[in-house]
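J.: Pasting in a structure now, in structure tokens, and then I'll have a few things to ask.
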Amino acid sequence: MAPRRFVPALPGDRVVGPVRRRDRRGRGIRGPLLPSSLPAHRTRAERFDDLVLDSVERLEARWGTYLDGVEFAVEDVPPSNPAPWESGGVPLGRYFPAQPGLPPRIVLYRRPVESRVGDADELDDLVHEVVVEQVAHLLGRSPDEVDPEHGDGR
């Protein structure tokens with residue numbers, strides 16, 4: 001029997017292998033680990049997005065007309081180049097003023113925020129605190145004016 005030769009694939013070559021319809025024990029494809037009706041089915045990123053949306057909705061009740069057209073976004077980590085006004089530390093969020101063709105944006109950074117808390121209640125409080133501080137930058141007001149409960153620990 002002749003030894004097999006390894007031939008590397010070239011760019012553009014289609015590598016075709018065996019298609020498995022069952023696992024190695026012949027059991028077939030299994031279903032999802034958790035049903036979608038359970039809270040643990042959602043990822044941490046999805047739960048973080050929900051916390052940001054809840055916080056924004058609470059602020060829109062009071063500042064709705066001022067927040068029209070403002071985009072809220074979540075990114076995993078901040079870019080490696082800090083803004084000129086940031087000195088030391090990792091930012092938890094940033095406010096980007098409107099530019100020609102772009103609306104104002106507020107971005108929260110999920111991983112730095114999550115790394116500073118111990119449980120879900122603390123995460124909810126910190127997310128709201130960061131959103132309030134960034135909206136305060138946007139409106140040119142103090143965080144206590146934007147949300148009178150800011151800093152009270154609710």
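The values are calculated or read from the model by the stated rules, or taken from the named source; none is laboratory data. As the structure is a prediction and not an experimental result, all values here were calculated from the model. For neighbour counting, all protein chains shown are included, and Cβ atoms are generated from backbone atoms with ideal geometry for every residue, glycine included. Note: areas computed on protein heavy atoms with side chains; ligands, DNA, RNA excluded. Shrake-Rupley method; radii C 1.70, N 1.55, O 1.52, S 1.80 Å.
J.: Criterion first (open to solvent by 30 Å² or more (accessible area, probe 1.4 Å), touching a strand residue (DSSP E or B) at 6+ places or on another chain (Cβ under 6 Å) and modelled with pLDDT of 90 or more) does residue 105 satisfy it? Steps first, please.
T.: Values: open to solvent by 30 Å² or more (accessible area, probe 1.4 Å): yes; touching a strand residue (DSSP E or B) at 6+ places or on another chain (Cβ under 6 Å): yes; modelled with pLDDT of 90 or more: yes.
So residue 105 fits the description; yes.
J.: Okay, moving on. Just checking, does segment 69-83 include any residue being open to solvent by less than 70 Å² (accessible area, probe 1.4 Å), touching a His at 6+ places or on another chain (Cβ under 8 Å) and at pLDDT 90 or above? Spell out the reasoning first.
T.: Taking segment 69-83 first, the residues open to solvent by less than 70 Å² (accessible area, probe 1.4 Å) are 69-70, 72-74, 78-79, 83.
Filter once more, so that each one left must be touching a His at 6+ places or on another chain (Cβ under 8 Å): none.
No, there is no match, as no residue in segment 69-83 is open to solvent by less than 70 Å² (accessible area, probe 1.4 Å), touching a His at 6+ places or on another chain (Cβ under 8 Å) and at pLDDT 90 or above.
J.: Related question: If the Cβ limit is 9 Å and pairs must be 6+ apart or interchain, which residue in segment 100-119 that is within 14 Å of residue 133 (Cα to Cα) pairs with which residue that is of a type in the set (S, T, N, Q)?
T.: Every condition considered, the pairs that remain are 106/134; 107/134; 108/134.
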